[in-house]
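K.L.:
Got a structure here, written out as structure tokens. Questions coming.
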């Protein structure tokens, strides 16, 4: 077993014991414990193919959904209920129209969406009803980030500049997304200790170690805004320090963030060709697309004439949620998806532009430009954070 595999196997166990200690030290309701355990599982198991961690994660999701059916689905949450059901109808229409009944990828994608939507609805219900939910989730994420950011940084220095740390995930971008969202969310309560401030910058450096540009695009402005609003003098001092560090380590930071030689980046060149495939699909099937989950096994039928980077691949995804929705669900699904984003942004405006809520939402929107997230409850949770904050006040 290599170093990466060793840490993928070891640290879920270490994090589990840290979770037990956290539960022991805090008097937390069963519902909030379940949400925290869900976040723990997402970080340690969802993208971890060592041992049977993926299977454990699936069991946790099923268990959470069953628990919510029994105890939590007793609150009327109109916005998430209606829009996720509308999106489900778009999926179902496309599924039936394209005769996807015997397509494995479509069936898996459909099942994933059902469980994801129920999971998100359960988390939203608990976050709104339990007045201490956000406080305890906030504290747990800070503990998780502090320890694991140190490990991520250690792995990066062990392998050297240019290595993209995956840690407990199979893909470094998914690690970055969790770190970035958790850093933003955990500072909903402003940092008030030296450890809190240290955790912020350890997490930012850990995101650098993943090389995820779309997450860095949100994390860096968030930290600037966080300290600018807190203390203008502290912000100026921080700005001077960051400029000095960035100047001294400029080449290294550029390489870590994968901003060097972007014109020759194969992943970017592949995305140009994927875009052409998406538009070809849209021209042929504009209303309902080719069926949810079908891009991965159908894209070769829509290749353009001049293709250099994706024609010899067995399978590929859109690496973009907007492209995925447009190609798989057509104009109907795309309009519903955009409506969900616009409605969530309206909730941000209603909160007089709360910067924490804004950056949380922006993380989802930005990350969706370069990755597929529709089968991740974390993505939908980021979308619904503005709604959660408003409804918590109304429910109280």
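The values are calculated or read from the model by the stated rules, or taken from the named source; none is laboratory data. It should be emphasised that the depicted structure is a prediction, and the values quoted were computed from it without experimental measurement. Cβ atoms come from the backbone with ideal geometry, glycine included; neighbour counts cover every protein chain shown.
K.L.:
Looking at region 145-167 only, could you name the residues that are in a loop (DSSP other than H, G, I, E, B) and surrounded by 15 or more Cβ atoms within 10 Å (Cβ to Cβ)? Steps first, answer last, please.
P.N.:
At the first step, the residues of region 145-167 found to be in a loop (DSSP other than H, G, I, E, B) are 160-167.
Selection gives 163, 164, 165, 166, 167.
K.L.:
Could you look through region 338-368, keep only residues that are over 12 Å from the mean Cα position of the chain (by Cα) and part of a loop (DSSP other than H, G, I, E, B), and pick out the one that is modelled with the highest pLDDT? Spell out the reasoning first.
P.N.:
Our first condition is that a residue be over 12 Å from the mean Cα position of the chain (by Cα); within region 338-368, this holds for 338-359.
With part of a loop (DSSP other than H, G, I, E, B) added as a condition, the list becomes 351-354.
Numbers: 351: 80, 352: 72, 353: 66, 354: 77.
My answer is 351.
K.L.:
Given the conditions (1) assigned to a helix (DSSP H, G or I); (2) touching a helix residue (DSSP H, G or I) at 6+ places or on another chain (Cβ under 9 Å), and given that residue 373 satisfies all but one, which numbered condition is not satisfied?
P.N.:
Just one mismatch for residue 373, condition (1).
K.L.:
Exactly one condition in (1) loosely packed, with under 14 Cβ neighbours inside 10 Å; (2) under 29 Å from residue 155 (Cβ atoms); (3) modelled with pLDDT of 95 or more is not met by residue 49; state its number.
P.N.:
(3)
K.L.:
In addition: Taking region 100-110, which residues are in contact (Cβ under 8 Å) with a residue 60 or more places away in the chain and either surrounded by fewer than 19 Cβ atoms within 10 Å (Cβ to Cβ) or in contact with a helix residue (DSSP H, G or I) (Cβ under 7 Å, 6 or more places away or on another chain) (or both)?
P.N.:
100, 105, 106, 107, 108, 110
K.L.:
Related question: Being touching a residue at least 60 places away in the same chain (Cβ under 8 Å) and crowded, with 21+ Cβ neighbours inside 10 Å, is that true of even one residue in region 207-216?
P.N.:
Taking region 207-216 and keeping what is touching a residue at least 60 places away in the same chain (Cβ under 8 Å), we get 213-215.
Of the ones still in play, those that are also crowded, with 21+ Cβ neighbours inside 10 Å are 215.
Yes; the residues of region 207-216 include at least one that is touching a residue at least 60 places away in the same chain (Cβ under 8 Å) and crowded, with 21+ Cβ neighbours inside 10 Å.
K.L.:
Only one of these is part of a helix (DSSP H, G or I) and without any contact (Cβ under 8 Å) to a residue 60 or more places away in the chain: 309, 299, 387. Name it.
P.N.:
On the way: 309 fails: part of a helix (DSSP H, G or I); 387 fails: without any contact (Cβ under 8 Å) to a residue 60 or more places away in the chain.
The conditions single out 299.
Residues checked against (1) over 22 Å from residue 174 (Cβ atoms); (2) touching a residue at least 40 places away in the same chain (Cβ under 8 Å); (3) assigned to a helix (DSSP H, G or I):
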{"residue": "15", "(1), (2), (3)": "no, yes, yes"}
{"residue": "22", "(1), (2), (3)": "yes, yes, yes"}
{"residue": "41", "(1), (2), (3)": "no, no, yes"}
{"residue": "64", "(1), (2), (3)": "no, yes, yes"}
{"residue": "75", "(1), (2), (3)": "yes, yes, no"}
{"residue": "81", "(1), (2), (3)": "yes, yes, yes"}
{"residue": "85", "(1), (2), (3)": "yes, no, yes"}
{"residue": "96", "(1), (2), (3)": "yes, no, yes"}
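K.L.:
Quick one: is residue 176 farther than 26 Å from residue 217 by Cα, at pLDDT below 95 and in a helix (DSSP H, G or I)?
P.N.:
Values: farther than 26 Å from residue 217 by Cα: no; at pLDDT below 95: yes; in a helix (DSSP H, G or I): yes.
Considered against the rule, which asks whether it is farther than 26 Å from residue 217 by Cα, at pLDDT below 95 and in a helix (DSSP H, G or I), residue 176 comes out as no.
K.L.:
Considering only residues of region 273-318 that are farther than 27 Å from residue 101 by Cβ and touching a helix residue (DSSP H, G or I) at 6+ places or on another chain (Cβ under 8 Å), which is modelled with the highest pLDDT? So that I can check it myself, show each step before the final result.
P.N.:
Keep residues of region 273-318 that are farther than 27 Å from residue 101 by Cβ, which gives 273, 275-276, 279, 304-312.
Now drop any that are not touching a helix residue (DSSP H, G or I) at 6+ places or on another chain (Cβ under 8 Å), which leaves 275, 304, 307-311.
Numbers: 275: 90, 304: 78, 307: 76, 308: 74, 309: 75, 310: 81, 311: 77.
The selected residue is 275.
K.L.:
Being over 14 Å from the mean Cα position of the chain (by Cα), surrounded by fewer than 23 Cβ atoms within 10 Å (Cβ to Cβ) and over 24 Å from residue 380 (Cα atoms) is true for just one of 198, 204. Which residue is that? Lay out the reasoning, then the answer.
P.N.:
Details: 204 fails: over 24 Å from residue 380 (Cα atoms).
None of the other options fit; the residue is 198.
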